[in-house]
Amino acid sequence: MKEIRDINILAIESSCDETAAAVVHNGREVRSNVISSQIDLHKLYGGVVPEIASRKHIEKINQVIEEALNEAEVTLDDIDAIGVTYGPGLVGALLVGVAEAKAIAYARNLPLVGVHHIEGHISANYIEHPDLEPPFLCLVVSGGHTHLVCVKDYGKYEILGRTRDDAAGEAYDKVARAIGLGYPGGPKIDRIAKEGNPDAIVFPRAKMEDSPYDFSFSGVKSAVLNYINGCHMKGETFNPADIAASFQKAVVDVLVENAMKAVEEYGMYKFAIAGGVASNSALREGMKKACEERGIQFYHPSPIYCTDNAAMIGAAAYYEYLGGTRHGWDLNAVPNLKLGER
């Protein structure tokens, strides 16, 4: 795909518990990336409350857009297109971002480019890796998604595998809650696992015989909960660090094994990870080691681009824009949008 120079995308992201805006130049240069997080608020409830999230997006969205423009030292006169996440995600949160993007695009007569949230996570890798171009394989691991994707070209994807039940990040949150760590679970389990023995407890690793690239994390989550309940019933104590380390090892082992199987069978020499769980230290180390052993180039975003952010949406929107994607004023939030759908 031929690159067009001097394209500024104003990107908006509001799919879950973060309100974000960014200005991205030519798909890979982040001129601003402003994030307003609701995590501290949702901690009070042990997870994201959709109604509260939507209200906070409404309160913050104009503010983060203004900050993003100021930080990038541009005005709306310098913007060439508006990019926005329109799915998947919490419908109320998505609607706030889509309505805002449509209003700005209409008022300023700018092209409107709707972006798939997972496509945004994959595109986060373009920001810090100028040498990364399709085709490559990417593992997207977050609270709501676990996808193994073949990136055939910019905007063209083939899903090789996905979770049958809980996403990896969802399992992290539930296990963290069970051992008393609270929300959000991913970073807390990653931190405490460093103090535990990953071989202390053997938790199951699910394999899908009919689809070798699919995942299932409901079983390992249930095994952890059963182990804890068993200890309570027997009056035995347990070490939260050992549980966290053993659980994390079981999850990472499956992610690495499935990913490397796909890399080898598809003959790929470039592999990337993306999504909130992509900032997990054990996953990064496991993937790096596995890729090095096979002579595969390994890519991953910095932690700031792993969590939900607007810079990744701007990167994806740029390549969608080059591909001719334009949405009308009937663009709506699609909470269950599938990757590759238009």
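The values are calculated or read from the model by the stated rules, or taken from the named source; none is laboratory data. Everything quoted here is computed from the prediction, not taken from an experiment. For neighbour counting, all protein chains shown are included, and Cβ atoms are generated from backbone atoms with ideal geometry for every residue, glycine included. Please note that ligands, DNA and RNA were not included when accessible areas were found on the heavy atoms of the full protein model with its side chains. Shrake-Rupley method; radii C 1.70, N 1.55, O 1.52, S 1.80 Å.
Table for the structure above
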| item | result |
| --- | --- |
| Residue in the range 165-173 that is in a helix (DSSP H, G or I) and closer than 25 Å to E265 by Cβ present | yes |
| Positions within the range 245-256 being open to solvent by 10 Å² or more (accessible area, probe 1.4 Å) and more than 20 Å from the chain's Cα centre (by Cα), in sequence order | K249 |
| Subset tally (residues that are surrounded by fewer than 22 Cβ atoms within 10 Å (Cβ to Cβ) and part of a loop (DSSP other than H, G, I, E, B)) for the range 259-277 | 3 |
| When residues of the range 162-217 are limited to those that are touching a His at 6+ places or on another chain (Cβ under 9 Å) and open to solvent by 20 Å² or more (accessible area, probe 1.4 Å), the one nearest to L148 (Cα to Cα) | R162 |
| Residue among H129, H121 that alone is buried (at least 22 other Cβ atoms within 10 Å of the Cβ) and at negative phi | H121 |
| Close pairs (8 angstrom Cβ cut-off, 6 or more residues apart or separate chains): assigned to a loop (DSSP other than H, G, I, E, B) in the range 129-142, of a type in the set (D, E, K, R) and open to solvent by 10 Å² or more (accessible area, probe 1.4 Å) anywhere | P130/R28; L132/K270; P134/K152; P134/D153; P134/K156; P135/K152; P135/D153; P135/K270 |
| Residue in the range 294-305 that is under 30 Å from V34 (Cα atoms) and in contact with a His (Cβ under 6 Å, 6 or more places away or on another chain) present | yes |
| Residue that is surrounded by the fewest Cβ atoms within 10 Å (Cβ to Cβ) [pool: residues in the range 89-109 that are in contact (Cβ under 8 Å) with a residue 40 or more places away in the chain and part of a loop (DSSP other than H, G, I, E, B)] | L90 |
| The range 53-88: number of residues that are open to solvent by less than 30 Å² (accessible area, probe 1.4 Å) and not in a helix (DSSP H, G or I) | 10 |
| Considering residues of the range 278-295 that are open to solvent by less than 10 Å² (accessible area, probe 1.4 Å) and over 14 Å from A193 (Cα atoms) only, the residue nearest to the chain's Cα centre (by Cα) | A278 |
| Complete set of residues in the range 257-269 that are under 20 Å from the mean Cα position of the chain (by Cα) and of a type in the set (V, I, T) | none |
| Yes/no for Y227 being aromatic (F, W, Y), out of contact with any Cys (no Cβ under 9 Å at 6 or more places or on another chain), open to solvent by 20 Å² or more (accessible area, probe 1.4 Å) and not in a helix (DSSP H, G or I) | no |
| Answer residue from the range 5-52, given it is on the phi > 0 side of the Ramachandran plot and at pLDDT 80 or above and is least open to solvent (accessible area, probe 1.4 Å) among those | G27 |
